[in-house]
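Engineer: This is the structure I have questions about; it appears just below.
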């Protein structure tokens, strides 16, 4: 919507209009997080990528970079996954992680 020229405003009513509902257990939380991350990854790899689609619009560079950062959040799980799994694999296979000094 920002690419089409819409402006955002903050509206803070005295009485909340929607309180919402949150997840109640870990399984629902993981499912909801998977939905959010898959949606963000779809935006990142679609033709509406903030860096590419934002060039054709009136978005400033900083705003495009912020949207691209948010859309790339699902990719940040891979370094954490590698940092968590490689030491365990080295320990199981007898490979030293740190060199001998």
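Derivation of every value follows stated rules applied to the coordinates shown; laboratory data play no part. Computed from a predicted model, the values in this text were never measured in an experiment.
Engineer: Would you mind getting the Kirkwood hydrodynamic radius of region 1-53 from its Cα pairs, rounded to one decimal in Å?
Structural biologist: Computed over Cα pairs of region 1-53, the Kirkwood hydrodynamic radius comes out at 14.5 Å.
Engineer: log10 I(q)/I(0), Debye, Cα-only region 15-101, no solvent, q = 0.26 Å⁻¹?
Structural biologist: Treating every Cα as an identical point scatterer, log10 I(q)/I(0) equals -1.16.
Engineer: Compute a Gaussian network model of the chain, connecting alpha carbons closer than 10 Å, and tell me which residue from 54, 20, 33 fluctuates the most.
Structural biologist: For the chain, modelled as a Gaussian network with Cα springs under 10 Å, the answer is 20.
Engineer: Sum -39500 (n - 2.57) across every DSSP H segment of at least 4 residues in the chain, then divide by the residue count to get the 222 nm mean residue ellipticity, nearest 500.
Structural biologist: It comes out at -16500 deg cm²/dmol, rounded to the nearest 500.
Engineer: Roughly what angle does helix 77-93 make with the longest principal axis of the chain, taking Cα atoms, 0 to 90 degrees, to the nearest 10?
Structural biologist: Tilt relative to the chain: about 10 degrees.
Engineer: In percent, what relative contact order does region 1-85 have, based on Cα pairs under 8 Å that are 6 or more apart in sequence?
Structural biologist: 34
Engineer: Right, here's the next one. Just to be sure I understand: if I project the alpha-carbon convex hull of region 28-76 onto a plane and average over all orientations, what area do I get in nm²?
Structural biologist: Across all orientations, region 28-76 yields a mean hull projection of 3.5 nm².
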